[in-house]
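Participant: One structure is given below, represented as structure tokens, and several questions about it will come after.
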Amino acid sequence: MTPPLPAQLNAKTDSAPDPRSGGRRFDLLRWKLTSRPRRWPAQVPLLPSPPPPAPRAGEIVATWIGHSTFLLQTALGNILTDPVFSDRASPLQWAGPRRVHPPGLAFAALPPVHVVLLSHDHYDHCDESTLRRLAAQHDPLFVAPLRHRALLAGFGARRIVELDWWQSHVIAPEFHVTLTPARHWSNRLGTPRNHRLWGGFSLSLGAPARRLWFAGDTGYDEELFRSIGRRTGAPDLALVPIGAYEPRWFMAPLHMNPAEAVRCHHDTGARRSLAMHWGTFQLTDEGREDPVHALTAARTAAGLADKAFEVVAPGATVTV
């Protein structure tokens, strides 16, 4: 069932599973007190990657920078998703989850960035330092869910578009973006929980349209994912989270595991998917490589080809 919007936004009942509200607050405490996280490496070296190629007409050139950050290059403009280039996913740069590998593409190596897609306000997706640098050096259009305008303006953004679920915006002729719902929540220091909306983004690029879906953060919801495929078109490329899912008793409403990510791939009708939201910051209990192994098993069980739902190294590029 598609979750309704938060009460603070449209006066409907909020069914989003906020982990710090009601009984979930005690579940959060239980998790923190009983957690036995797998040990991650302190650092993961990266092999040098060649710079991404320039896109040809009708192509999407997707480079995974790390976590949920992709550089998407198209003939209609360059896009960054949830850009995080800082060392920590935290309001503090001396505490909180630390990056275990450098960005797959250095900030200084970015081409001109025309559009930034921001899925929600959590610190591993909405990084003040990175957004300030982008605003100052690239002056992109920032596209975000409702109630992000003041936050982004405070970071120096000049051009901001806020969208409601299923609302679309024409960035340029043959370049449309639609905010899609997600099973998640929002929270950031200085504002109430669920003050800001969250979601993913469906892009329609060119004519005939090539379609890309960036899922954002989300728990599994078959009806929701099928509706995204119906309403915005089956993606030629889907960017789907596979990490931050253990323990399941706590994380299942908020984050898909790899088996659910494969189901999501099928539900939306995606032609090809790339894995994200794993291996950069340790946020939950699974080991760093566990999502990769679990995705391989889930693909095999579903009879899905490796290239249909792929894990790539940070800095690697896929062209569709």
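Participant: Okay, helix-only estimate at 222 nm for the chain: each DSSP H run of n ≥ 4 adds -39500 (n - 2.57), divide by all residues, round to 500 deg cm²/dmol; what do you get? It would help to have the intermediate numbers written out before the result.
Facilitator: Values: 8 runs with 71 residues, N = 320.
Dividing the helical sum by the residues of the chain leaves -6000 deg cm²/dmol.
Participant: In the neighborhood of Lys307, defined by Cβ-to-Cβ distances under 12 Å, what is the net charge if each Lys or Arg adds +1 and each Asp or Glu adds -1?
Facilitator: Once positives and negatives cancel, what remains is +1.
Participant: Could you work out how far the C-alpha centroid of segment 89-155 sits from that of segment 292-320, in angstrom?
Facilitator: If we compute the Cα centre of each part, the gap is 26 Å.
Participant: So, one more: Would you please give the residues with an amide H less than 5 Å from that of Ser186, counting only those at least 5 places away or on a separate chain, with H modeled from the backbone geometry?
Facilitator: Those lying under 5 Å, H to H, from Ser186 are Asn194.
Participant: Taking square-rooted eigenvalues a ≥ b ≥ c of the alpha carbon gyration tensor, is segment 47-154 rounded, prolate or oblate, where a/c under 1.5 means rounded and, failing that, a/b exceeding b/c means prolate? Show your work: numbers first, answer last.
Facilitator: Numbers: a/c = 2.06, a/b = 1.24, b/c = 1.66.
It is oblate, given that a/c is not under 1.5 and a/b is not larger than b/c.
Participant: Order of Ile65, Ile60, Ile242 from fewest to most other C-beta atoms within 10 Å?
Facilitator: Sorted ascending by nearby Cβ count, the order is Ile60, Ile65, Ile242.
Participant: Okay, next question. Specify whether the C-alpha gyration tensor of segment 156-265 places it in the rounded, prolate or oblate class, a ≥ b ≥ c being the square roots of the eigenvalues: rounded for a/c under 1.5, otherwise prolate if a/b is larger than b/c and oblate if not.
Facilitator: Values: a/c = 2.35, a/b = 1.21, b/c = 1.94.
Oblate, because a/c is 1.5 or more while a/b does not exceed b/c.
Participant: How big is segment 126-189 by the Kirkwood estimate over distinct Cα pairs, in Å?
Facilitator: After inverting the pairwise mean of 1/r, the radius is 12.8 Å.
Participant: Follow-up. Can you list residues from other chains, or at least 5 along the same chain, whose modelled amide H is less than 5 Å from the amide H of Thr180?
Facilitator: HN-HN under 5 Å from Thr180: Trp166, Gly200, Phe201, Ser202.
Participant: Treat segment 184-320 as a sphere of radius equal to its Kirkwood radius over Cα pairs and apply Stokes-Einstein at 20 °C in a medium of 1.002 mPa s; give the translational diffusion coefficient in µm²/s, rounded to a whole number. Walk me through the intermediate numbers first.
Facilitator: On the way: Rh = 15.5 Å.
Here the translational diffusion coefficient equals 138 µm²/s.
Participant: If you line up the Cα atoms of the chain on their principal axes, what length do they span on each, largest first, in Å?
Facilitator: Principal-axis extents of the chain (Cα, largest first): 52, 43, 41 Å.
Laboratory data are not the source of any read-out in this text; all were calculated from the coordinates shown. Being a predicted model, the structure only gives us computed values, none of them experimental. All Cβ positions, glycine included, derive from the backbone under ideal geometry; neighbour counts span all protein chains shown.
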